[in-house]
Amino acid sequence: MNEASQHGLSPPQSHLVLVGTKSDLISSSSSNDSTTTEEEVSQHEIDELVQSISQSMKFSSVCYFQTSSLLGEGIEELFDHLVANIISTLS
């Protein structure tokens with residue numbers, strides 16, 4: 001978050017989008033418990049992080065998208081959200 005302020009982004013005027021990638025690995029690991037890794041983050045942890053950032057950093061909005069480039073999941077929704085925010089900011 002310090003990087004954002006270094007680049008002149010002030011939280012009250014900025015939107016923060018968190019993107020979880022490689023969701024295809026999560027679905028493949030859930031069918032085989034032996035491949036579960038320590039790097040996986042639970043939905044509860046994600047929700048807590050988004051809420052914590054929302055409360056402490058005072059961004060205009062904070063949201064989370066889970067994506068898989070391999071399967072093409074969540075990519076269109078992510079870009080639709082980004083474009084909508086850019087357009088609304090410029091209006």
Looking at Ser88, Ser56, Ser60, Ser68, which is the one that is closer than 23 Å to Lys22 by Cα and more than 12 Å from the chain's Cα centre (by Cα)?
Ser68
Suppose the filter is at pLDDT below 90 and surrounded by fewer than 14 Cβ atoms within 10 Å (Cβ to Cβ); does Glu48 pass it?
no
Subset of region 51-89 that is modelled with pLDDT under 85 and hydrophobic (A, V, I, L, M, F, W, C) - its residue that is surrounded by the most Cβ atoms within 10 Å (Cβ to Cβ):
Phe59
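Yes/no matrix, rows are residues, columns are (1) among the hydrophobic types (A, V, I, L, M, F, W, C); (2) surrounded by fewer than 10 Cβ atoms within 10 Å (Cβ to Cβ); (3) closer than 23 Å to Val83 by Cα; (4) modelled with pLDDT under 85:
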{"site": "Ser10", "(1), (2), (3), (4)": "no, no, yes, yes"}
{"site": "Val17", "(1), (2), (3), (4)": "yes, no, yes, no"}
{"site": "Ser30", "(1), (2), (3), (4)": "no, no, no, yes"}
{"site": "Thr35", "(1), (2), (3), (4)": "no, no, no, yes"}
{"site": "Gln43", "(1), (2), (3), (4)": "no, no, no, no"}
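The values are calculated or read from the model by the stated rules, or taken from the named source; none is laboratory data. Note that the structure is a prediction, hence the values are computed from the model and not measured. No Cβ is skipped: glycine too gets one built from the backbone with ideal geometry, and neighbour counts run over all protein chains shown.
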